[in-house]
Amino acid sequence: MKVWVPTFKFTESKANKMEQVIEAPAKRETYFVKFHGSYKQYLGLSLYNIVLTIITLGIYYPWAKCAIRKFLWQETEIAGSRFEWHGTGKEMFRGFIKAYLILGGLLAIINFGPLFLPPELLIWSIIAAYLLILLFIPLVLHGMARYRLSRTSWRGIYFGYRGKLKEFYGFTARDFLLTIVTFGIYGFWLQTNIRRYILQHARYGNVSGDYDGKGGQLLGLAFLQGLLVVITLYIYTPWAIIEFFKFHVNNTCLIQNDKRYYFETNASGGKYFVVLIKAILLTIVTLGIGAPIAQLMIHKYFVETLSISKGFDFDIIEQTEESYRDATGDDMGDILDLDF
């Protein structure tokens, strides 16, 4: 008696597909940024810093700024680990002194020149002071990037910045000149070029960054958003802010093993508007005492909208960067209200 035994035949293509499925690695999850900072703790820290800064006539300010930065870094988490800030108040105080020695005289001429300079010298002195400050801006941005990145770590691996000041000055001087000649229009290319240079020369271990945003795209976005803000009598402003935020985030990526992994954001104008209204009302109701909480609410909203696309592997990153401790550029940026 014959027994029938079922047999299965696969074509070569199906067999190959089965092998591919078996050998395919498990998909990595999307990494979302989380913020764990307590509003109560941040308020206490902010009020403590304000009191000490007033009592010491401003001398404590670098330590206060360092404490705030340490809090924000250590409460920010991605892939189960938090960032660390290694800067110290002493480093930032030295930078603070250098910054004021360099910029203090120029700012004094601009703010108090009319009180002590003769009319025939006043206008030329103020113009010269503004031009010198413009010349310092590339130095400030370069120093800020180098100090902040080199004093930040995650999982014990330090960030770094490998930009060269001469190279940075070269293209920013050209772009500043073109911005003046074009009555500010080329400023959109200046912004994207600066952001691209800093990110391309930033490092997290053996991972680099990049930025794909173009000046023409930013100009178009600014024209459209500006038009909508004016038409809506500035009601649209929160939505415009989010559009710019999304533009910069979505054009920023990390490069690992020659592959690009883009940052993403799920921020929306409507949600940001609600957060903004809450922050404003809190500040008004508390007569300004709740302002630190309001600031943290906005910070938390933006941070928690961020994520990095699937596939980036945090576990294979190796340390490559050295520490850098000169905070002069960072403090000069604070004085001039610049950030990156």
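Computed values, structure above
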{"read-out": "Condition check for Phe112: touching an Asp or Glu at 6+ places or on another chain (Cβ under 6 Å), modelled with pLDDT under 95 and either more than 18 Å from Leu296 (Cβ to Cβ) or outside any helix (DSSP H, G or I) (or both)", "value": "no"}
{"read-out": "Enumeration of residues in region 137-178 that are in contact with a helix residue (DSSP H, G or I) (Cβ under 7 Å, 6 or more places away or on another chain) and among the hydrophobic types (A, V, I, L, M, F, W, C)", "value": "Leu139, Val140, Leu141, Met144, Ala145, Phe159, Leu165, Phe168, Phe171, Phe176"}
{"read-out": "Subset of region 30-86 (residues that are small (Gly, Ala, Ser), in contact with a strand residue (DSSP E or B) (Cβ under 8 Å, 6 or more places away or on another chain) and either at positive phi or free of Cβ contacts under 8 Å to residues at least 40 places away in the same chain (or both))", "value": "Ala79"}
{"read-out": "Identity of the residue in region 92-126, in contact (Cβ under 8 Å) with a residue 60 or more places away in the chain and in contact with a Pro (Cβ under 8 Å, 6 or more places away or on another chain), that ends up nearest to Phe71 (Cα to Cα)", "value": "Met92"}
{"read-out": "Count of residues meeting criterion [in a helix (DSSP H, G or I) and either free of Cβ contacts under 8 Å to residues at least 60 places away in the same chain or touching a Phe, Trp or Tyr at 6+ places or on another chain (Cβ under 6 Å) (or both)] in region 148-176", "value": "14"}
{"read-out": "Residue satisfying all of: in region 148-178; of a type in the set (A, V, I, L, M) and under 13 Å from Ile198 (Cα atoms); nearest to the chain's Cα centre (by Cα) among these", "value": "Leu149"}
{"read-out": "Test for Leu141: is it surrounded by 20 or more Cβ atoms within 10 Å (Cβ to Cβ) and within 30 Å of Ile68 (Cα to Cα)", "value": "yes"}
{"read-out": "Residue ID - farthest from Asp315 (Cα to Cα), chosen from residues in region 177-201 that are in contact (Cβ under 8 Å) with a residue 24 or more places away in the chain and touching a strand residue (DSSP E or B) at 6+ places or on another chain (Cβ under 9 Å)", "value": "Thr192"}
{"read-out": "Residue list for region 290-311, filter: of a type in the set (Val, Ile, Thr) and free of Cβ contacts under 8 Å to residues at least 40 places away in the same chain", "value": "Ile298"}
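The values are calculated or read from the model by the stated rules, or taken from the named source; none is laboratory data. In this text the structure is predicted, and so the values were computed from the model without any measurement. Reconstructed Cβ throughout: ideal geometry from the backbone, glycine too, with neighbour counts over all protein chains shown.
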